[in-house]
Amino acid sequence: MTTLHYLVVAAALFVLGVIGVLTRRNVVIVLMSIELILNAVNLNLVAFSRMWGGLHGQVFAIFVVVDAAAEAAVGLGILIAFFRNKETINVDEIDLLKW
């Protein structure tokens, strides 16, 4: 497989993630779509790292994985707390910070 194959798969993942973020109203699905976007970035980082023979891309990919895990943990914690108070996880109904 060449780098182009990895880039095509990463582009497909990125597009699916963007479509999920823009079209869905469920917060869990939005978080999963963000994870798809981050995985597309990771795939690009590793593909370019392999192409140029360095380890920088792989190190950044590990950093992104750790960041995504922290984001998911905090996001799900906020989502559970919000669901306990409002009993909804619909993006349209989350207006807690509106005046």
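The values are calculated or read from the model by the stated rules, or taken from the named source; none is laboratory data. The structure displayed is predicted, hence computed values, not measured ones. Note that each Cβ is placed from the backbone with ideal geometry, even for glycine, and that neighbours are counted across all protein chains shown. We work out accessible area using only protein heavy atoms, side chains counted, and drop any ligands, DNA or RNA first. Shrake-Rupley method; radii C 1.70, N 1.55, O 1.52, S 1.80 Å.
The set of residues from the range 58-99 being touching a residue at least 60 places away in the same chain (Cβ under 8 Å) and either in a helix (DSSP H, G or I) or open to solvent by 80 Å² or more (accessible area, probe 1.4 Å) (or both) comprises V91, D92. Filtering the range 42-57 to residues that are surrounded by 13 or more Cβ atoms within 10 Å (Cβ to Cβ) and either out of contact with any helix residue (DSSP H, G or I) (no Cβ under 6 Å at 6 or more places or on another chain) or free of Cβ contacts under 8 Å to residues at least 24 places away in the same chain (or both) leaves N42, L45, S49, R50, G57.
Filtered by the rule that a residue be of a type in the set (S, T, Y) and within 30 Å of F82 (Cα to Cα), the range 14-62 gives T23, S33. Regarding L4, is this residue in a helix (DSSP H, G or I), free of Cβ contacts under 8 Å to residues at least 40 places away in the same chain and in contact with a helix residue (DSSP H, G or I) (Cβ under 8 Å, 6 or more places away or on another chain)? Spelling it out, it is not the case that L4 is in a helix (DSSP H, G or I), free of Cβ contacts under 8 Å to residues at least 40 places away in the same chain and in contact with a helix residue (DSSP H, G or I) (Cβ under 8 Å, 6 or more places away or on another chain).
Go through the residues of the range 15-30 one by one and say whether even a single one is in contact with a His (Cβ under 8 Å, 6 or more places away or on another chain), small (G, A, S) and surrounded by 13 or more Cβ atoms within 10 Å (Cβ to Cβ). Within the range 15-30, none of the residues are in contact with a His (Cβ under 8 Å, 6 or more places away or on another chain), small (G, A, S) and surrounded by 13 or more Cβ atoms within 10 Å (Cβ to Cβ).
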